[in-house]
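Notes follow the structure.
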Amino acid sequence: MLSRVASVLKQRGVRSVVTARFFSSGVSKHIVVAGGGTGGLSVAATLAKEGHEVTVIEPSPFHYYQPLWTLVGGGEAKLEDSRKPVENVMPSNVYHVKDEVKDIIPSENKVVLKDAAPITYDVLLMATGITENPDAVKGLKEALRDDPRVCTIYGYKYASKVWDAVQEFRGGKALFTFPAGPLKCAGAPQKIMYLAHDHWSNRYPAEIDYFTCLPAIFGVPKYSERLMEVCSKRDINVNLQTTLTEVDSANSIAKFTSADGESIERPFDFLHVGLPHKPVPAVAQSDVTDATGFVDVDEGTLQHKRFPNVFGIGDCTTLPTSKTAAAVSSQSGYVKNSIRQFIKGEPLTSDYNGYTSCPLITSKNSLILAEFKYGGVPHETFFWDQGNESALQFWMKKSVMPAIYWNTLVKGYWQGPALLRKIANPFGTD
Ligand code: FAD
Ligand code: UQ1
């Protein structure tokens, strides 16, 4: 027998619903998850298993393990391994609506879709991530399409071009940039630089420059210091507070603006661009976001600041921490707890500490494993100093993390390394 939600969706002509077994457990709450990426699936899987009726709105035919794209760009992984058909990862006991969120009307508990009729919810979880914004840099879209020397690891459609460009480089000026605005995995624009450096060293003479709009190479002083040492050892020039504004492929020139408004032009033989991003436009224009376009949630509970039955997870939120899958894994535990308490009418007690992690690849066999919480305070899982370059840490990133992601995170079991830390770093700070 179809549940209440199933029959409503059917009446409204949601044709692309992949239905499955539904638990009719007497739980009358309908949880709608907008976005079936890392965060959306991790929460949907658990709450559906607990007996809630869950609908996931996800238009993409594939689910991507985005962290692999850095290794793909460095020739250390295969592009095909970074994605699976979305049906293969969608929990079997949720409704999958293959449509796009076009608007959210929280005053009516309603999500407006591109093709199908609107869906109402008791609880809404926003998990739509952020999206590419190549138009933020003049000439970039064309250069990514037409210039074999200009590339980015930020996107399935771009990542394998990076390794081609790295292999085709025969020496000269190689530029790597970090963009203004929101970015996933803020370490990735320099990780790919270290992988490229590793490939080029002892082969071709490369003059490497890193340009970042930020005032430091990394947001956490402990890791920033170590990364400046890494750059110094590798003869990489670091240019702070300098933002890429234009790619002039015809003349092989990259144009930048410095913090004091000065224009800088640099010739290039290779250019890796940290792709600018922005919130998903339909979400940014809706009532659940703040003026910056991000879903406005409480830092501890992940509950919306104005609409108590709306929650948020991951890259689409205002949470003041680095946007990573590691952060999402930790957030998933807290937001599940908040949603459970909200449904039961209890006060919310979740207190997410901002945990995030950035596995900073520094060569084909070494990695600095940055882990920190709100305020950029280091919060490491293991008893050793993770700020040192280590082969074991690289092995974890390359061989352990993908397995954790596919087998546990998107299935709702991995909620970050907090438990592991209790064993592996019992005397670490809490
Ligand atoms: P996503 O996983 O991006 O999911 C958002 C979902 O929303 C997508 O499935 C999308 O199709 C869907 N969506 C979009 N618009 C709509 C709409 N209108 N309606 C409905 N659905 C919509 N993290 C790490 O922890 N470690 C790393 O080493 C690391 N490296 C990275 C390297 C690269 C190159 C990149 C790109 C990312 C990396 N990350 C890393 C970051 C990590 O992948 C993201 O932070 C994480 O996937 C964010 O999860 P999310 O659920 O917020 O968003
Ligand atoms: C992590 O939990 C995670 O999510 C699965 C990642 O994304 C792929 C990471 O890159 C990292 C580093 C973590 C943190 C996990 C440990 C064991 C430190």
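The values are calculated or read from the model by the stated rules, or taken from the named source; none is laboratory data. None of these values were measured; they are calculated from a predicted model. When we count neighbours, we look across all protein chains shown, and the Cβ atoms used for this are built from the backbone with ideal geometry, even at glycine.
Worth a mention:
- Annotation note: Cβ proximity below 9 Å between a residue of segment 35-46 that is touching a residue at least 12 places away in the same chain (Cβ under 8 Å) and away from ligand 2 (no atom under 12 Å from the Cβ) and a residue that is aromatic (Phe, Trp, Tyr) and assigned to a helix (DSSP H, G or I) (sequence gap 6+ or interchain) occurs for no pair.
- Conditions (1) part of a loop (DSSP other than H, G, I, E, B); (2) within 20 Å of Thr38 (Cα to Cα): number failed by Lys278: (1)
- Leading residue by the ranking (farthest from Leu144 (Cα to Cα)) among those in segment 236-267 that are part of a strand (DSSP E or B) and among the acidic types (Asp, Glu): Glu265
- Only one of the listed residues (Gly155, Gly129) is in contact with an Asp or Glu (Cβ under 7 Å, 6 or more places away or on another chain), within 16 Å of ligand 2 (Cβ to nearest atom) and at positive phi. That residue is Gly129.
- Restricting segment 381-412 to residues that are in contact (Cβ under 8 Å) with a residue 24 or more places away in the chain, part of a loop (DSSP other than H, G, I, E, B) and aromatic (Phe, Trp, Tyr) leaves a set whose member that is farthest from Thr38 (Cα to Cα) is Phe383.
- Answer residue from segment 363-386, given it is in contact with a Phe, Trp or Tyr (Cβ under 7 Å, 6 or more places away or on another chain) and surrounded by fewer than 21 Cβ atoms within 10 Å (Cβ to Cβ) and is nearest to Val297 (Cα to Cα) among those: Lys373
- Each residue in segment 153-175 was checked for being under 20 Å from the mean Cα position of the chain (by Cα) and either surrounded by fewer than 23 Cβ atoms within 10 Å (Cβ to Cβ) or under 18 Å from Thr212 (Cβ atoms) (or both), and 7 of them qualify.
- Against the test of being more than 9 Å from ligand 1 (Cβ to nearest atom) and either of a type in the set (Lys, Arg) or modelled with pLDDT under 95 (or both), the options Lys323, Lys336 yield a single qualifying residue, Lys336.
- The residue of segment 334-362 that is farthest from Leu124 (Cα to Cα), among those that are surrounded by 19 or more Cβ atoms within 10 Å (Cβ to Cβ) and either among the small types (Gly, Ala, Ser) or without any contact (Cβ under 8 Å) to a residue 24 or more places away in the chain (or both), is Ser357.
- Every residue from segment 58-95 that is within 21 Å of Ala159 (Cα to Cα) and more than 10 Å from ligand 1 (Cβ to nearest atom): Gly74, Gly75, Glu76, Ala77, Lys78, Leu79, Glu80, Asp81, Arg83, Lys84, Pro85
- Top-ranked residue of segment 402-430 - restricted to ones that are within 12 Å of ligand 2 (Cβ to nearest atom) and surrounded by 19 or more Cβ atoms within 10 Å (Cβ to Cβ), ranked as farthest from Pro67 (Cα to Cα): Arg421
- Pro426 modelled with pLDDT of 95 or more and closer than 23 Å to Tyr352 by Cβ: no
- Residue within segment 310-320 that is among the polar types (S, T, N, Q), surrounded by 20 or more Cβ atoms within 10 Å (Cβ to Cβ) and within 13 Å of ligand 2 (Cβ to nearest atom) present: no
- Selection count, segment 185-199, where residues are in contact with a Gly (Cβ under 6 Å, 6 or more places away or on another chain) and either among the aliphatic types (A, V, I, L, M) or over 12 Å from His272 (Cα atoms) (or both): 2
- Pick from segment 359-379, criterion within 15 Å of ligand 1 (Cβ to nearest atom) and either within 17 Å of Trp414 (Cβ to Cβ) or not in a strand (DSSP E or B) (or both), ranking: farthest from the chain's Cα centre (by Cα): His379
- All of (1) within 12 Å of ligand 1 (Cβ to nearest atom); (2) more than 27 Å from Gly416 (Cα to Cα); (3) among the small types (Gly, Ala, Ser) hold for Ser263 with one exception: (1).
- Restricting attention to segment 207-237, the residues being within 24 Å of Arg170 (Cβ to Cβ) and buried (at least 17 other Cβ atoms within 10 Å of the Cβ) number 6.
- Taken over segment 303-322, the criterion of being of a type in the set (Lys, Arg) and either assigned to a strand (DSSP E or B) or touching a residue at least 60 places away in the same chain (Cβ under 8 Å) (or both) is satisfied by Arg306 alone.
Table: residues versus (1) over 20 Å from Trp414 (Cα atoms); (2) among the small types (Gly, Ala, Ser).
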| position | (1), (2) |
| --- | --- |
| Gln285 | yes, no |
| Val288 | yes, no |
| Gly293 | yes, yes |
| Asp296 | yes, no |
| Asn309 | yes, no |
| Gln331 | no, no |
